[in-house]
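Let me begin by presenting the structure, written as structure tokens, before commenting on it.
Please treat every number below as a calculation from the coordinates, not as lab data. Here the structure is a predicted model, which means the values were calculated and not measured. Neighbour counts are summed over all protein chains in view; Cβ atoms, including those assigned to glycine, are modelled from backbone coordinates with ideal geometry.
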Amino acid sequence: MQQRVLVVGYRSGISDALNRLGIAHAVWHNKPLKTQRAFLAVIIQDFPRSRAHINAVGDLFAAHGPFTHIIAGSEAAVYPASVLRRRLGARLSKDTIVLRCHDKLLMKEFLQARHIPMTDFLAGDPHHDPPDVFQRLGTPVVVKSRQESGGRRIVFATDHQTLRRHDNRNRLLERFIDAPEASVESFINDYQIQFESVTQYYVKGHVNVVPGVLTPAQRQLLLALNRQVIAALGINWGITHMEAYLSERGALFGEIALRPPGGYLMELISASYDFSSWDAMVAMELDLPFTFPQSPRQHNAACIFHPGPGVLQRVENWEQALALPGVYQSKLKLEAGAHIDRRTGVGEDIGYLLLGADSGAQLLADVDWVLGNVRFVIE
């Protein structure tokens with residue numbers, strides 16, 4: 001059968017990779033597309049949570065099929081994509097795996113029962129007694145949405161009133177960990193990890209480094225934890241993004257997602273290892289062969305800028321930053337006078353720099369220069 005793909009949650013990298021393979025594809029996205037590319041069909045509609053509503057959208061796509069594969073490009077698209085694989089007869093993943101990787105409470109309960117090390121947590125419940133919660137989890141209590149990613153809707157509760165206001169069954173309560181954070185991105189097919197990349201959150205939400213400038217022991221702890229988690233969940237194909245803490249107790253599991261990561265990590269992986277991470281992801285999704293490199297050729301970083309809410313007055317030392325020898329991609333998304341909204345997730349930024357170096361030490365020196373000199377002045 002000729003391959004035909006439905007992309008749920010548009011990412012230009014996925015579309016580019018499919019076009020390079022000459023594979024026709026349709027798109028379901030929750031925001032208007034800025035591209036003028038030709039697709040089999042495009043539907044712009046929010047991603048619902050109910051199967052009936054998702055299947056109703058699937059009925060609209062059915063006339064443009066049959067679809068052999070359905071690819072999720074964002075966290076919100078993961079569950080709708082799983083439902084549509086059954087509705088449209090595409091390559092299947094287990095619903096239970098998808099739900100466990102989409103719902104943080106189900107994820108942590110399942111993996112905790114399989115002895116995956118992680119921080120202490122509680123299911124959100126409006127009937128919790130706040131003193132008991134603080135006694136168990138400490139202060140602050142980290143309150144997270146069970147089904148959102150990228151730091152969206154996280155609350156650090158330090159008092160009873162705040163905890164009562166945000167504690168409900170759609171939330172997860174966790175112990176706060178003051179420890180460096182990292183992630184592991186894995187490309188998987190036939191239940192086997194084909195390639196792994198370790199990301200260092202040099203400044204969480206603002207600077208990502210690939211491969212992470214970590215000790216060999218830290219790297220091995222992260223890779224071992226990642227392999228434990230993927231094996232426990234029984235993930236058979238796709239790309240995963242596992243976040244973890246490098247605590248005094250060792251590597252502690254944070255969460256895992258079944259979709260391509262944000263934070264320009266796909267671009268950093270491509271530049272560091274000299275292959276197209278988007279081509280590799282699509283190959284895993286479509287069960288196609290792909291040759292991965294054995295080692296990185298350089299270190300790369302993404303410096304991601306968001307100064308907070310206000311009116312942008314000027315950007316200082318931007319041209320000097322662009323003159324750094326390692327900078328190869330950059331963008332300022334706003335001009336002076338533009339209003340900046342409060343940042344609600346790490347996927348929001350007003351500009352970025354991508355830069356590389358032959359050594360981790362040189363890269364971090366360049367990153368430190370950027371952090372110390374590029375300044376967004378707001379009022």
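Below 8 Å between Cα atoms, with a sequence gap of 6+, how large is the relative contact order for region 1-91 in percent?
34
Using only Cα atoms, figure out Rg for region 5-92 and give it as a multiple of 2.2 N^0.38 Å.
0.97
For 331, 108, what's the fewest-to-most ordering of other Cβ within 10 Å of each Cβ? The partial results should precede the final answer.
Values: 331 11, 108 22.
Ordered by Cβ neighbours within 10 Å, fewest first: 331, 108.
Full extension from residue 232 to residue 46: what is 0.36 nm times the residue separation minus their Cα-Cα distance, to one decimal in nm? Provide the component values of the computation, followed by the final result.
Numbers: separation 186, 0.36 × 186 = 66.96 nm, distance 3.18 nm.
Result for the pair: 63.8 nm of gain on full extension.
Tell me the label-point distance for the pair residue 86, residue 313, using the 7 Å Cα-to-Cβ offset, in nm and rounded to one decimal.
5.7
Can you give me the Cα centroid spacing of region 226-283 and region 202-218 in angstrom?
With region 226-283 and region 202-218 each reduced to a Cα centre, they are spaced 13 Å.
May I ask which residue of 359, 311, 189 lies farthest towards the positive end of the charge dipole of the chain, with charges of +1 (Lys, Arg) and -1 (Asp, Glu) on Cβ and the Cα centre as origin?
After comparing all options, I get 189.
Rank the residues 31, 204 as a footprinting-exposure proxy: fewest other Cβ atoms within 10 Å of their Cβ go first. Before the final figure, lay out the partial values.
Numbers: 31 9, 204 14.
Sorted ascending by nearby Cβ count, the order is 31, 204.
Around residue 160, what is the net charge, scoring Lys/Arg as +1 and Asp/Glu as -1 over all other residues with Cβ under 13 Å from its Cβ?
Values: positive: 164, 165; negative: 129, 132, 159, 167.
That sum, taken over residues with Cβ under 13 Å, equals -2.
Work out, step by step, the length gained on full extension between residue 114 and residue 223: first 0.36 nm times the residue separation, then minus their alpha carbon distance; give nm to one decimal.
Contour length minus the Cα-Cα distance gives 37.5 nm.
Can you give the net charge of the other residues whose Cβ lies under 12 Å from the Cβ of residue 6, counting K and R as +1 and D and E as -1? Let's see the in-between values first.
Working: positive: 4, 85, 87, 91; negative: 285.
Result for the local shell: +3.
Can you check how the C-alpha radius of gyration of the chain compares to 2.2 N^0.38 Å, as a plain ratio?
Working: Rg = 21.1 Å, N = 379, 2.2 N^0.38 = 21.0 Å.
Relative to the rule-of-thumb radius for its length, the chain sits at 1.00.
In what sequence, highest mean first, do 109-122, 58-71 appear when ranked by Cβ atoms within 10 angstrom? Don't jump to the answer; show the numbers that get you there.
Values: 109-122: 15.7, 58-71: 18.1.
Ranking the peptides 109-122, 58-71 by packing returns 58-71, 109-122.
So between residue 56 and residue 20, what do we pick up on full extension, going 0.36 nm a residue minus the alpha carbon distance? Could you put the intermediate results ahead of the total?
Details: separation 36, 0.36 × 36 = 12.96 nm, distance 3.06 nm.
Result: 9.9 nm gained on full extension.
Let a ≥ b ≥ c be the square roots of the eigenvalues of the Cα gyration tensor of region 120-175; is it rounded (a/c under 1.5), or, if not, prolate (a/b larger than b/c) or oblate?
Prolate, because a/c is 1.5 or more and a/b exceeds b/c.
Between residue 359 and residue 292, what FRET efficiency follows from the Cβ-Cβ distance if R0 is 22 Å, with the result rounded to 0.05? Show your work: numbers first, answer last.
Numbers: r = 23 Å, r/R0 = 1.03.
Using R0 = 22 Å, I get an efficiency of 0.45.
For the chain, what number of Lys pairs, 8 or more residues apart or on separate chains, have alpha-carbon atoms under 21 Å from each other?
11
Kindly put 374, 83 in sequence by how many other C-beta atoms sit within 10 Å of each C-beta, fewest to most. Please report the intermediate quantities before stating the final value.
Details: 374 18, 83 23.
Lowest to highest Cβ neighbour count: 374, 83.
Cα gyration tensor of region 88-195, axes a ≥ b ≥ c as square roots of the eigenvalues: rounded (a/c below 1.5), prolate (a/b > b/c) or oblate? Could you put the intermediate results ahead of the total?
Values: a/c = 2.40, a/b = 1.87, b/c = 1.28.
Prolate, since a/c reaches 1.5 and a/b exceeds b/c.
Counting only helical runs of four or more DSSP H residues, what would the 222 nm mean residue ellipticity of the chain come to if each run contributes -39,500 (n - 2.57) and the total is spread over all its residues? Walk me through the numbers on the way to the answer.
On the way: 12 runs with 124 residues, N = 379.
So the calculated ellipticity at 222 nm is -9500 deg cm²/dmol.
Under 1.5 on a/c is rounded, so check that first for region 233-379, then, if it is not, pick prolate when a/b is larger than b/c and oblate when it is not; a ≥ b ≥ c are the square roots of the alpha carbon gyration tensor eigenvalues. Could the numbers behind the result be given before it?
Numbers: a/c = 1.88, a/b = 1.58, b/c = 1.18.
In terms of gyration-tensor shape, prolate.
Scan region 339-376 for trypsin sites (Lys or Arg not before Pro) in coil per DSSP, keeping those whose Cβ has at most 13 other Cβ atoms within 10 Å, and list them by number.
On the way: sites: 342, 343, 375; in loops: 342, 343.
Sparse-neighbourhood loop trypsin sites (Lys or Arg not before Pro): 342.
Hey, could you get me the Stokes-Einstein D for region 221-289, Kirkwood radius over alpha-carbon pairs, 37 °C and 0.692 mPa s, rounded to whole µm² s⁻¹? List each step's numbers first, then the result.
On the way: Rh = 13.3 Å.
Taking Rh from Cα pairs, D becomes 247 µm²/s.
Scanning the chain for helices, which whole DSSP H stretches are 27 Å or more long along the axis (Cα) and average 0.5 or more by Kyte-Doolittle?
None clear 27 Å together with a mean of 0.5.
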